[in-house]
There are 2 protein chains.
Amino acid sequence: MSRAPEKPQRRRLQGVTIADVAARAGVSIMTVSRVINGEGRVSDETRARIGEIIREMNYAPSPAARGLASAGVTRIGLLYTNPSGAYLSEFLIGVMDEISRTGDHLLLHRCDSPEAIDAAVSKLAEEGVDGVVLPPPLCDSERALDLLAKAGKPVVAVATAREDEGVLAVRLDDYAAARTMTEHLLALGHRKVAFVTGDAAQLAAQRRLAGFRDALAAAGLEPHAVAEGDYSYRSGIEAAIGLLDADERPTAIFAANDDMASAVMSIAHRRGLDVPGDLSVVGFDDSLLAVTSWPELTTIHQPIGEMARLAIELLLRHVRARRAGGEAGASSLQADYRLVVRESAAAL
Amino acid sequence: MSRAPEKPQRRRLQGVTIADVAARAGVSIMTVSRVINGEGRVSDETRARIGEIIREMNYAPSPAARGLASAGVTRIGLLYTNPSGAYLSEFLIGVMDEISRTGDHLLLHRCDSPEAIDAAVSKLAEEGVDGVVLPPPLCDSERALDLLAKAGKPVVAVATAREDEGVLAVRLDDYAAARTMTEHLLALGHRKVAFVTGDAAQLAAQRRLAGFRDALAAAGLEPHAVAEGDYSYRSGIEAAIGLLDADERPTAIFAANDDMASAVMSIAHRRGLDVPGDLSVVGFDDSLLAVTSWPELTTIHQPIGEMARLAIELLLRHVRARRAGGEAGASSLQADYRLVVRESAAAL
DNA sequence: ACGCAGTGCGTTAGCGCTAACATTCATGCA
DNA sequence: TGCATGAATGTTAGCGCTAACGCACTGCGT
């Protein structure tokens, strides 16, 4: 007997591979590949049989290999600044879901200051990212947008209120949502309705205010008062103090986000007011705070995860189209909002 | 003239590749690879020159290709249940940072109910993950731990208070941290200190309570009162009501997390008490709530991102060691906590 | 009878990178 | 002089997967 046929110098790295499936099915790996991707011409019979085997063997294609072979792994950058932690985590989960499906890479950079934006952008360039996702509030930062444009990186702005053509964007109709919320308050019988604005630098904040104003105007009403905030809990406290210590109190306060709405409730409680008995308070975003506050907030639900998924999909499509030569035009998507009625607002 | 030499049937997929660098440096790609990985025998001169070129060309190795060729891309699963959104986002960022460095994959599954855990675990098996990360509170779920062990998946528990040997874990010293916080309150002159517990099912919660008790005992004191909570804002409200409406009020309340501390402050305000004038309130976790509450919370800072990074590193090392044949033993790491003094606690 | 289009699959050549072995060229030393 | 020694670099063979093309075979019109 001669020497045993020693072959495996390179160890097996992954569990089941496409080759295993192909072998078991008695076809070439290409056929299996075609089944996985649901394309190409494969007879229904073969397709079914292979599908069966895939399930049986518990085979899951390696996104890395797939990316390498086809699209070339795309690198997506994500710039964030800690807004509401709850928003970010939902957003990240959405992004990850989509990214892990395709095997692409995600690179995170925090930028809390304008200088940090500069640093992050050059970092992204170094890392060779192919596109960048900008969740709020960065999606409306001129600086970030400019820098990225200069670096030639496609950008998808999420939840931006800008109306620029030629920019990839996933939007929420802030205006319509604010109108809907205001109409809800009106329907409850409120006539003295005040508003706490978000950060005036953000266009989405302006759209929310506009929606509020127009809904009132359509009912022949004027805002009872408009207090300036900047989306922070802190600013909500101050706005609430101004509103509630005034001579004539509103019967309802619409805050441009949940953080501020929560702050308003806190001050109302300190003034001995019952929510919603003496004062209705509503928010916007349906963040975690909306349900951890007491009473729970009536608010506008934004499908954050869904928007994140859409953003990645849009960006990926754009990047690949560009790589394939065609200058892919910009498109934008609109996500649906939903009015969530909870306990913080009641009929007058 | 004959036909032009048409070659590029397959398009260029990535920007600069290792081959470009090698060509420019006049060496083989292996040498460049060695420089990148900082291993192998390469003369200092060559190493320096190539390093230079890499920087110049702005080359970044493709994690996907790297993984494919070497370790085989590792698939890491992450089970989560929406605890504090702020915690999750910090945690995710830490995880992502580490994962994107290595080009591995991350698969997320939400499990809010026991049944969801079953579903998630079998999903993970289907997806062929090599290891699983369990952030709190799942890190202490017997069910999740058992199921995963049965499936043969290595697990790293983060911020668990379990002391099991043979389990990968990244821990915070909850006991010591709670003692430190209690001593802080004592140093401020408080003698009537009450505690709001976390979810009794979580061992970390028990450790925090134990730290509190022991610190008092060391000072010859007894807890003024101990109210049961479960980490939720809601439970904090109820605990606070019990504590503050009692005959003899405490002068300080230590809540086992920030959510409940925030709830305590809210109730205190409603009872007309000033924080920290009439009542000191402290939390634990240093979540976003700690700074969005008013006044800002004195709390214990947990290096969440860092712990997440450590967890991934530990898990990856374990998985690779296992794959290489050796049965890698379990190890655990301890992360540092820090007392953050803000405005919600003052001297008596 | 011939061409030609359309199916259903297989073959080949990589994607960007690394493990394992191979080669080259100076040394050292008996 | 001969040759093991080892340092610096190159070659080859993949990792798991897909794009692009190839090839046999069927059906159909003329």
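The values are calculated or read from the model by the stated rules, or taken from the named source; none is laboratory data. Quantities reported herein were computed from a predicted structural model and do not represent experimental measurements. Counting neighbours? That spans all protein chains shown, and the Cβs are built from the backbone with ideal geometry, glycine included. Accessible surface areas use protein heavy atoms only, side chains included; no ligands, DNA or RNA. Shrake-Rupley method; radii C 1.70, N 1.55, O 1.52, S 1.80 Å.
One table, with the values for the structure above:
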{"quantity": "Cut-off under 5 Å, modelled amide H: who pairs with B:Val226 long-range", "calculated": "B:Phe195"}
{"quantity": "Inter-chain shielding of A:121-133 (mean C-beta neighbours from other protein chains, 10 Å cut-off)", "calculated": "2"}
{"quantity": "Degrees separating the helix B:203-218 axis from the principal Cα axis of chain B, which is the longest one", "calculated": "50 degrees"}
{"quantity": "Gyration tensor (alpha-carbon) shape descriptor, segment B:174-302, a/c threshold 1.5", "calculated": "rounded"}
{"quantity": "Accessible area that becomes buried as A packs against B, both chains, 1.4 Å probe, Å², nearest 100", "calculated": "4400 Å²"}
{"quantity": "Förster radius 41 Å - calculated FRET efficiency between B:Ala246 and A:Glu296 (Cβ-Cβ, nearest 0.05)", "calculated": "0.95"}
{"quantity": "Antiparallel content of DSSP bridges confined to the protein assembly as shown, in %, to 5", "calculated": "10 percent"}
{"quantity": "Rel. contact order, % - alpha carbon contacts under 8 angstrom, at least six apart, segment A:157-279", "calculated": "25 percent"}
{"quantity": "Under Karplus coefficients 6.51, -1.76 and 1.60, residue-wise ³J(HN,Hα) of segment B:122-133 in Hz, glycine/proline x", "calculated": "6, 5, 4, 5, 4, 6, x, 6, 9, x, 10, 9"}
{"quantity": "Contact order relative to length of chain A, as percent, for alpha carbon pairs under 8 angstrom and 6 or more apart", "calculated": "16 percent"}
{"quantity": "Length-normalised contact order for segment A:18-60 - Cα pairs under 8 Å, 6+ apart - percent", "calculated": "39 percent"}
{"quantity": "DSSP-defined antiparallel bridges as percent of all bridges, chain B, nearest 5", "calculated": "10 percent"}
{"quantity": "Two-site label geometry, B:Glu52 and A:Leu339: point separation in nm, points 7 Å out along Cα→Cβ", "calculated": "6.8 nm"}
{"quantity": "Averaged over B:94-101, number of beta-carbon atoms from partner chains that fall within 10 Å", "calculated": "4"}
{"quantity": "P(r) weight above 20 Å for segment A:119-227, C-alpha pairs, percent", "calculated": "49 percent"}
{"quantity": "Aspartates and glutamates with Cα under 19 Å of B:Lys123, excluding same-chain neighbours fewer than 8 positions away", "calculated": "A:Glu52, A:Glu56, A:Asp97, A:Glu98, B:Asp104, B:Asp112, B:Glu115, B:Glu142, B:Asp146"}
{"quantity": "Under the Karplus curve 6.51 cos²θ - 1.76 cosθ + 1.60, θ = phi - 60°, whole-Hz ³J(HN,Hα) for segment B:45-51, x wherever Gly or Pro sits", "calculated": "4, 4, 4, 5, 4, 5, x"}
{"quantity": "Carbon + sulfur, % of accessible area of segment A:18-60 - ligands and nucleic acids excluded, 1.4 Å", "calculated": "48 percent"}
{"quantity": "Average other protein chain Cβ within 10 Å of Cβ, residues B:107-116", "calculated": "1"}
{"quantity": "Per residue accessible area in Å² of the protein assembly as shown, where ligands, DNA and RNA are left out and the probe is 1.4 Å", "calculated": "43 Å²"}
{"quantity": "D_trans [Stokes-Einstein, Kirkwood Rh over alpha-carbon pairs] for chain A, 4 °C, 1.567 mPa s, µm² s⁻¹", "calculated": "56 µm²/s"}
{"quantity": "Net length gained if the chain between B:Lys123 and B:Ala219 were fully extended (0.36 nm per residue, minus Cα distance)", "calculated": "29.4 nm"}
{"quantity": "Antiparallel DSSP beta bridges within segment B:206-348, percent to nearest 5", "calculated": "40 percent"}
{"quantity": "Most fluctuating residue given options B:Ala217, B:Ala176, B:Ala204, as computed from a GNM of chain B linking Cα atoms under 10 Å", "calculated": "B:Ala217"}
{"quantity": "GNM flexibility winner over chain A from A:Ile267, A:Ile312, A:Ile300 (Cα, springs under 10 Å)", "calculated": "A:Ile267"}
{"quantity": "Protein accessible area in segment A:174-301, 1.4 Å probe - carbon and sulfur %", "calculated": "46 percent"}
{"quantity": "Two-decimal ratio, the protein assembly as shown, of alpha-carbon radius of gyration to 2.2 N^0.38 Å", "calculated": "1.07"}
{"quantity": "Label-point separation in nm, A:Ala321 to A:Glu228, each point 7 Å along Cα→Cβ", "calculated": "4.1 nm"}
{"quantity": "Distance (nanometres) between label positions extended 7 Å along Cα→Cβ at A:Ala176 and B:Glu142", "calculated": "5.1 nm"}
{"quantity": "Förster radius 41 Å - calculated FRET efficiency between B:Ser70 and B:Ala201 (Cβ-Cβ, nearest 0.05)", "calculated": "0.50"}
